[in-house]
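Enquirer: Encoded as structure tokens, here's the structure I'll be asking about.
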Amino acid sequence: MGSVRNVAVFGAYGHTGRFVVAELRERGYVPLLLGRDQDKLLALAQAWPGLEARRASAEDPASLDRALDGAVAVINCAGPFATTAAPLVEAALRAGIPYVDVAAEIEANLDTFDHFAERARAAGALVIPAMAFYGGLGDLLVTTAMGDWTAADEAHIAYGLSSWHPTAGTLASGTVSGQRRGGRRVRYTSGRLEYHDDALPTLEWPFPAPLGPQSVIGEFTMADVVTVPSHLAVPEVRTYMTAKAAADLSAPDASAPAAVDGRGRSAQTFVVDVLVRSGGKERRVAAAGQDIYAISAPLAVEAVDRILTGRTRTTGVASAGAAFDAPDFLRALSSHLSLHVPLDTAG
């Protein structure tokens, strides 16, 4: 296979990065293994014979330029993205290749939209932040549920996780985000982000069968509050998390995911249930699958494949729902997700 199929993976030896490397190989691409830890890179290269490891650091632009030489795209899997996203986007723009990341950090995603929108558009480049379980999947589901609606009053994204064993990267990114917002919480209301110190409500969410009704934490705000409003006229975007998963995440002795199958996935299952309201009507769509970190790999790799094959709708910095045909994208992930199609109901 020629070098034109090389896709650089920054943070290739991380938990999500390993899933991305495996997915790229399954899709016929040749991953370039990028990261700043030489020992971890070499160990990964030994596990994947024939793949090239290239040491690079977000603090060293020249090393990034060398690492991206010959790549047709880059997927950034290395958090905290508050530190890595901007340098990698800069390097991708210099190299003239598309950039995709799996950032769940709200502020880091906002930075990408704010700082690179004009430059990426002028260059005819595509930069897609949050192309992962949080931010990307929710945006695709909301866009699909919207259908022919040009606007909606509210979008609700409820995360039904059976458990949440966070990776070290998730915990580090959460710490950085918390520091950036001064310990405050964030929500998207009245068409803008609002930082607050209010206690988060607990309520019941009617997830579809077989999960059924679950206790959830309201305003457990995720990256969807950046991706959805970036292209859809929805002034209220609210996200929810099952109370058990939220407790797992905040536990002082939180443990990392443990593999239970040959693909390295954990036993964690999820349902993402989306409800949009406009006037007196509601539309709903849901997706279910296994392992929130593992599912980020086909999301990111499918995005890269669609960019490289010209199946995109825009340039610049864009969310998944703006860049791609959302229903078609979700159908392409049928081996990873089970999808419940949208339904109109009276309000």
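Enquirer: If you count, for each residue, the other Cβ atoms within 10 Å and average over each peptide, how do 190-196, 28-34, 260-266 line up from highest to lowest? Present the calculation step by step, with values, prior to reporting the outcome.
Expert: Numbers: 190-196: 12.0, 28-34: 22.1, 260-266: 14.4.
Peptide ranking by packing, descending: 28-34, 260-266, 190-196.
Enquirer: Treating the angle as unsigned and between 0 and 90°, give the value, to the nearest 10°, between the Cα long axis of helix 168-180 and the longest Cα principal axis of the chain.
Expert: Taking Cα atoms only, the helix is inclined about 70 degrees.
Enquirer: Placing unit charges on C-beta atoms (Lys and Arg positive, Asp and Glu negative, everything else neutral), compute the dipole magnitude of the range 228-285 about its Cα centre in debye, rounded to 20.
Expert: 300 debye
Enquirer: Taking all protein chains in place and a 1.4 Å probe, what share, in percent, of the accessible surface of the chain do carbon and sulfur account for?
Expert: In the chain, the share of accessible area belonging to carbon and sulfur is 51 percent.
Enquirer: So in the chain, what percent of DSSP beta bridges are antiparallel if you round to the nearest 5? Spell out each step's value before the answer.
Expert: Numbers: 39 of 65 bridges.
In the chain, approximately 60 percent of DSSP beta bridges are antiparallel ones.
Enquirer: Provide the gained length on full extension for the span Ser190 to Leu171, in nm with one decimal, where the gain is 0.36 nm per separating residue minus the Cα-Cα distance.
Expert: Value of the extension gain: 3.9 nm.
Enquirer: What distance in nm lies between label points placed 7 Å from Cα along the C-beta direction at Asp69 and Arg119?
Expert: Label-label distance for Asp69 and Arg119, simple model: 2.2 nm.
Enquirer: Moving to a separate point now. Counting Lys and Arg as +1 and Asp and Glu as -1, each charge on the Cβ, what is the dipole of the chain about the Cα centre in debye, to the nearest 20?
Expert: The dipole of the chain has a size of about 520 debye.
Enquirer: Also, I was wondering about something else. Enter the angle in degrees (range 0 to 90, nearest 10) between the Cα long axis of helix 106-123 and the first principal axis of the Cα atoms of the chain, meaning the one along which they spread out most.
Expert: Computed tilt is about 60 degrees.
Enquirer: What is the angle, in °, between the Cα long axis of helix 15-26 and the longest principal axis of the Cα atoms in the chain? Nearest 10 is fine, range 0 to 90.
Expert: The helix 15-26 is inclined about 70 degrees to the chain.
Enquirer: Placing +1 on the Cβ of each Lys and Arg and -1 on the Cβ of each Asp and Glu in the chain, which of Ala287, Ala43, Val142 has its Cα farthest towards the positive end of the resulting dipole?
Expert: Ala43
Enquirer: Kindly provide the Kirkwood hydrodynamic radius of the chain in Å, to one decimal, from all pairs of distinct alpha carbon atoms. Provide the component values of the computation, followed by the final result.
Expert: On the way: mean 1/r = 0.0497 Å⁻¹.
About 20.1 Å, per the Kirkwood formula over Cα pairs.
Enquirer: Suppose every K and R has +1 on its Cβ and every D and E has -1 on its Cβ; what is the size of the dipole of the range 1-104 about the Cα centre, in Debye to the nearest 20?
Expert: 220 debye
Enquirer: Let me ask another. Go through 197-210, 294-307 and give me the packing order, highest mean Cβ count within 10 Å leading.
Expert: Highest mean packing first, the order is 294-307, 197-210.
Enquirer: Return a whole-number percent for the relative contact order of the range 213-347, with Cα pairs under 8 Å and 6 or more residues apart as the contact set.
Expert: 23 percent
Enquirer: At 1.4 Å probe radius, can you tell me the per residue accessible area of the chain in Å²?
Expert: 40 Å²
Enquirer: Give me the one-decimal nm value for the distance between modelled label points at Arg311 and Asp261, 7 Å along each residue's Cα-to-Cβ direction.
Expert: The answer from the label model is 2.2 nm.
Enquirer: Could you work out how much longer the chain between Asp148 and Ala233 gets when fully extended? Use 0.36 nm per residue separation minus the Cα distance between them, nm to one decimal.
Expert: Contour length minus the Cα-Cα distance gives 29.3 nm.
Enquirer: Projecting each Cα onto the charge dipole of the chain (Lys/Arg +1, Asp/Glu -1 at the beta carbon, about the Cα centre), which of Leu33, Phe81, Ala267 comes out farthest on the positive side?
Expert: Checked the options; the winner is Leu33.
Enquirer: Mind computing the radius of gyration and Dmax over the alpha-carbon atoms of the range 187-292? Å is fine for both.
Expert: Cα only, the range 187-292: 15.7, 47 Å (Rg, Dmax).
Enquirer: While we're looking at this one, here's another question. How high is the relative contact order of the chain, in percent, with contacts defined as C-alpha pairs under 8 Å that are six or more residues apart?
Expert: Across the chain, relative contact order equals 20 percent.
The values are calculated or read from the model by the stated rules, or taken from the named source; none is laboratory data. All of these numbers come straight from a predicted model, not from anything done at the bench. Backbone-built Cβ (ideal geometry, glycine too); neighbour counts: all protein chains shown. The area values use the complete protein model at the heavy-atom level, side chains included, leaving out ligands, DNA and RNA. Shrake-Rupley method; radii C 1.70, N 1.55, O 1.52, S 1.80 Å.
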